[in-house]
Amino acid sequence: MTNYDAKKQLQLLQELEDIAREIGASIVKIVNPSDVIFDIRARFKCHSCKRYGQKCTCPPHIPDIDYFKALFSSYHWALFISIKRKVKPKEWEAVGKESSRTLHKMLLELERQAFNRGCIFAISFIGGSCKMCDTKTCSLPCKNPSVGRIPIEATGVNVVETCKRLDIDIKFPVVLNETFWRVGILLVE
């Protein structure tokens, strides 16, 4: 949809919302990207990730937070998507990897659906680091740019505070709540 038509856009978003629920989203919320909270501290947390510097879709290999603020503000609408998994303490890592891949594939499908409906600039940001390639084989430039995606946290989005703003009840830390949430976003125009 190169020309903005609010009525058609809302209809498309509702279709995408239905598709997201059909393919397993726990929560789908149509939002204005201006409701997304950016916080430099969210991006800084990437430094403590064991994959820091190893993924071409993660810092320091991606643009800075100001770039993403400008990118998000160039869209009128977004779908905030999350999936929920129950987890026991010793399963945290396996559930984390599975949920990351599941959400990633879900967002790619929604992106494809949006593109096929005329939204040529639809793009998604995943929850957790990209796991479409093995860390050992991931190198610059991305070998799979059609499926490689940047984590929402790496853009500088404060997921916890954004969820609060959107009235999405996600509890942290995971260990205390035995529930693992993965959150991503699809920007649609």
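The values are calculated or read from the model by the stated rules, or taken from the named source; none is laboratory data. Remember, it's a predicted structure, so these values are computed and weren't measured experimentally. Positions of Cβ are backbone-derived with ideal geometry, glycine not excepted, and every protein chain shown enters the neighbour counts.
Please verify whether the stretch 171-183 includes one or more residues that are over 23 Å from A42 (Cα atoms) and surrounded by fewer than 19 Cβ atoms within 10 Å (Cβ to Cβ). Write out each step before concluding.
We begin by selecting, within the stretch 171-183, every residue over 23 Å from A42 (Cα atoms); these are none.
Within the stretch 171-183, none of the residues are over 23 Å from A42 (Cα atoms) and surrounded by fewer than 19 Cβ atoms within 10 Å (Cβ to Cβ).
When you scan the stretch 134-141, do you find a residue that is part of a loop (DSSP other than H, G, I, E, B), polar (S, T, N, Q), in contact (Cβ under 8 Å) with a residue 40 or more places away in the chain and loosely packed, with under 14 Cβ neighbours inside 10 Å, even just one?
Let us first name the residues in the stretch 134-141 that are part of a loop (DSSP other than H, G, I, E, B), namely 134-141.
The next check asks that each one be polar (S, T, N, Q); those that pass are 135, 137, 139.
This time we only want the ones that are in contact (Cβ under 8 Å) with a residue 40 or more places away in the chain, so: 135, 139.
Of the ones still in play, those that are also loosely packed, with under 14 Cβ neighbours inside 10 Å are 135, 139.
Yes, the stretch 134-141 contains a residue that is part of a loop (DSSP other than H, G, I, E, B), polar (S, T, N, Q), in contact (Cβ under 8 Å) with a residue 40 or more places away in the chain and loosely packed, with under 14 Cβ neighbours inside 10 Å.
Out of all the residues in the stretch 111-120, which are surrounded by 17 or more Cβ atoms within 10 Å (Cβ to Cβ), in a helix (DSSP H, G or I) and out of contact with any Ser or Thr (no Cβ under 7 Å at 6 or more places or on another chain)? Break it down into steps so the answer makes sense when it comes.
Within the stretch 111-120, the first condition is being surrounded by 17 or more Cβ atoms within 10 Å (Cβ to Cβ), and the residues that meet it are 111, 113-114, 119.
From what is left, the residues that are in a helix (DSSP H, G or I) are 111, 113-114.
Hits for the stretch 111-120 are Q113, A114.
Within the stretch 53-70, take every residue that is touching a helix residue (DSSP H, G or I) at 6+ places or on another chain (Cβ under 8 Å) and hydrophobic (A, V, I, L, M, F, W, C) and give me the one that is nearest to I120 (Cα to Cα).
The extreme case among them is F68.
Could you look through the stretch 94-140, keep only residues that are over 18 Å from the mean Cα position of the chain (by Cα) and among the hydroxyl-bearing types (S, T, Y), and pick out the one that is modelled with the lowest pLDDT?
Only one residue tops the list, namely T135.
Please work out if S146 is over 17 Å from the mean Cα position of the chain (by Cα) and surrounded by fewer than 20 Cβ atoms within 10 Å (Cβ to Cβ).
no
Does the stretch 51-66 contain any residue that is without any contact (Cβ under 8 Å) to a residue 40 or more places away in the chain, of a type in the set (S, T, Y) and loosely packed, with under 12 Cβ neighbours inside 10 Å?
Within the stretch 51-66, not a single residue is without any contact (Cβ under 8 Å) to a residue 40 or more places away in the chain, of a type in the set (S, T, Y) and loosely packed, with under 12 Cβ neighbours inside 10 Å.
What's the total number of residues in the stretch 8-43 that are assigned to a helix (DSSP H, G or I), more than 17 Å from V159 (Cα to Cα) and of a type outside the set (A, V, I, L, M)? Break it down into steps so the answer makes sense when it comes.
Here is the first cut: in the stretch 8-43, the ones assigned to a helix (DSSP H, G or I) are 8-22, 33-35, 40-43.
Imposing the further condition that a residue be more than 17 Å from V159 (Cα to Cα) reduces the set to 8-22.
The next check asks that each one be of a type outside the set (A, V, I, L, M); those that pass are 8-9, 11, 14-15, 17-18, 21-22.
Total meeting the criteria: 9.
Residue by residue through the stretch 27-42, note down the ones that are in contact (Cβ under 8 Å) with a residue 60 or more places away in the chain and surrounded by fewer than 15 Cβ atoms within 10 Å (Cβ to Cβ). Working first, answer last.
As a first pass, look at the stretch 27-42 and keep what is in contact (Cβ under 8 Å) with a residue 60 or more places away in the chain: 27, 29, 31, 33, 35-42.
If the condition is that a residue be in contact (Cβ under 8 Å) with a residue 60 or more places away in the chain and surrounded by fewer than 15 Cβ atoms within 10 Å (Cβ to Cβ), then D35, I40, R41 are the ones that fit.
Give the residues of the stretch 63-86 that are under 29 Å from I19 (Cβ atoms), among the aliphatic types (A, V, I, L, M) and either assigned to a helix (DSSP H, G or I) or over 15 Å from the mean Cα position of the chain (by Cα) (or both), sorted by residue number.
A70, L71
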